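I have placed the structure first, in the form of structure tokens, so that the comments after it can refer back to it.
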Amino acid sequence: MKNLLIVPLLISQTYFSQSVSDNLDKSVKEMLSTSNALSANLSFYVSDENGNLVYEYNGNKGLSTASTQKIFTSAAALETLGKNYQFKTTASYSGKISNGNLEGDFYITSNGDPTLGSWRYENYKPENFKQQLLEAIKKSGIKKISGNLIIDDSYFDFQSTPGGWPWNDLGNYYGAGTFGVNWRENQFDININGNQFKSFSYDLDNVNWINELKTGGSSDQSLIFTAPHSETAMINGILPAGKVTTVSGATPNPPMQLAVEIKKLLEENGISILGKTTTYYNEKIAGKSVSKAPTQNQIFEYKSPTLDKIVYWFLRKSINLYGETLIKTMAKEKRNNPSFETGVDFLKDFWKSKGINPMMINFADGSGLSPQNYVSAKAQVQALLYAKKQNWFDAFYEGFPTQNGIKMKSGTIKDSKSFAGYQTSKSGKNYVFSIILNNYQGGSISNALFKILDNLK
């Protein structure tokens, strides 16, 4: 009797699966038949929670993923570094302290903490870090520094942005690179009235501006152009007239920015610095050498939020800085070489070891900002399925935003869009999916993909 009951159940499940597959296929063909999709490429893959195929369209085709690339980086970081991993920033000195006078240099260094001075975390804001550092200095008995204030940013190599990032992204907040010492998420804000600068979120150190803004339109159509360690920044494009618009840029030299702010903090509290204020790489650029932070005479250690909290914001707000920092951190800790190339190779080897065909994961960075990332929808689904079985999955899943009623990460670059995530239908069926659309020109690309994904509801 039990066997007789199983047969109609299997027939019902098969019919339901075929119905969803047919509806997805119909929606895909309707979208691809529109004029906006004339030269578009699509990779789409849907499975159930056990990995059984529900539907695919060019599932193996590698396309530019944009920020759904973050799925691969965050999952690999949670597994290899651990969800309780914390970055560290320390302060130490060379020489000796005599009667309140530090007869030597004062150092601040980090292993690349991307949250240092971030505004996103309670009790981790810039003021919290500064106050704790100041208290540690006072406790050490230092009242004057006869030597230099040095930010040792040597933990990572000199290259702060991946080679594949477009030039017109680098000066904007989403194009902020990662340094051995990061500060305020390497981002600044400008309040601009029409085309005139009104105020900055904080004083940028030694940056000269060229303002070529024009007014018009009703939205922010501006771009900032600058580069790491540059002393020149340009802003152009169009901003609305008669109103204040906030535009966010990438800080050219975050370690030096921190140095300037720490110097001001100390001087305001009666602690003078007789030497210069500089960074490890600033000295290297000038053709000079400076010692790295000593491991002895450490007076201060500051830990970041745990990695599970960092991954939450990495996925929820799609912070590219976090992705590139995680890539370099895994490269440094697992292969002792903090280059982007090593990090990308490590990430690819990690997912290859989990059974993903390496031909389907042609990574270029850790965040997805590079248009040189080519990944297939099937590979993204395989990564999502792998994550679902791990003990860190809850931290991973929590970071996914809900968009169009679906728990999914999105990605956007010029004329391209991707979504990847998890969905439970009204009937209780659990789906894992990825959809990547490149070169869709005109119209709302998000709405075009939402109509397809609505079949999973």
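The values are calculated or read from the model by the stated rules, or taken from the named source; none is laboratory data. None of these values were measured; they are calculated from a predicted model. Every residue, glycine as well, gets a Cβ built from its backbone with ideal geometry; the counts of neighbours run over all protein chains shown. Each accessible area value is taken on the protein alone, full model and side chains, heavy atoms only, with ligands, DNA and RNA left out. Shrake-Rupley method; radii C 1.70, N 1.55, O 1.52, S 1.80 Å.
Structure summary
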item	result
Cross-link partners of K288 among aspartates and glutamates (Cα-Cα below 18 Å; sequence separation of 8 or more within a chain)	D105, D152, D153, D157
Cα-only radius of gyration and Dmax that characterise segment 251-334, units Å	16.5, 44
Dipole of segment 119-270, positive direction: furthest Cα of L266, I151, F188, with charges on the beta-carbon	L266
On Cα atoms only, tilt of 70-80 relative to the major axis of the chain in degrees	70 degrees
Nearest-0.05 FRET efficiency for N404 and Q221, computed from C-beta distance (R0 35 Å)	0.85
Values of log10 I(q)/I(0), in the order q = 0.09, 0.17, 0.18 Å⁻¹, for segment 59-208 under a Debye, Cα-only, solvent-free model	-0.43, -1.23, -1.30
Rounded accessible area per residue of segment 96-160, 1.4 Å, Å²	42 Å²
Long-range HN-HN contacts of Q403 with modeled amide H, under 5 Å	M408
For segment 200-211, Karplus couplings with θ = phi - 60° (6.51, -1.76, 1.60), whole Hz, Gly/Pro x	10, 5, 7, 6, 7, 7, 6, 10, 9, 9, 10, 9
Proximal lysines to K243, defined as alpha-carbon separation beneath 28 angstrom and excluding residues fewer than eight positions away on the same chain	K198, K214, K317, K414
Those lysines that a straight Cα-Cα span of less than 18 Å connects to K138, excepting residues fewer than 8 apart in one chain	K96, K130, K263, K264
Estimated FRET transfer efficiency (R335, F450; beta-carbon r; R0 51 Å; 0.05)	0.80
1.4 Å probe accessible area per residue over segment 266-358, in Å²	46 Å²
Pair T424, E127: separation of 7 Å Cα→Cβ label points (nm)	4.1 nm
Packing-based ranking, highest mean first, of 290-303, 77-90 given that Cβ atoms within 10 Å are counted	77-90, 290-303
Residue-wise HN-Hα coupling along segment 431-436, computed from phi with Karplus coefficients 6.51, -1.76, 1.60 (Hz; x: Gly, Pro)	10, 10, 8, 8, 9, 10
Sequence of T65, T246 when ordered by accessible area, the most exposed leading, probe 1.4 angstrom	T246, T65
Share of carbon and sulfur in the accessible heavy-atom surface of the chain [1.4 Å probe, %]	46 percent
Between 0 and 90°, nearest 10: helix 254-268 axis offset from the chain longest Cα axis	40 degrees
Label point 7 Å beyond Cα of N206 along Cβ direction - residues of segment 251-282 with amide nitrogen under 16 Å	251-264, 275-282
Cα lying deepest toward the dipole's positive end in the chain, options P255, G287, S35, charges on Cβ	S35
Crossing angle, helix 377-388 versus the chain [Cα axis fit, 0-90 degrees, rounded to tens]	70 degrees
Relative packing of peptides 188-194, 50-56 - highest average C-beta neighbours within 10 Å first	188-194, 50-56
Segment K138-L274, extension gain: residue separation times 0.36 nm, minus the distance between their alpha carbons	47.2 nm
Most to least packed among 166-179, 35-48 [average Cβ atoms within 10 Å]	166-179, 35-48
Size of electric dipole in segment 135-196: Cβ of Lys, Arg +1 and of Asp, Glu -1, about Cα centre, debye, nearest 20	500 debye
Cα-centre dipole for the chain with unit charges at Cβ (Lys and Arg positive, Asp and Glu negative), debye to 20	760 debye
Dipole in debye (nearest 20) - segment 189-240, about Cα centre, beta carbon charges: Lys, Arg +1; Asp, Glu -1	220 debye
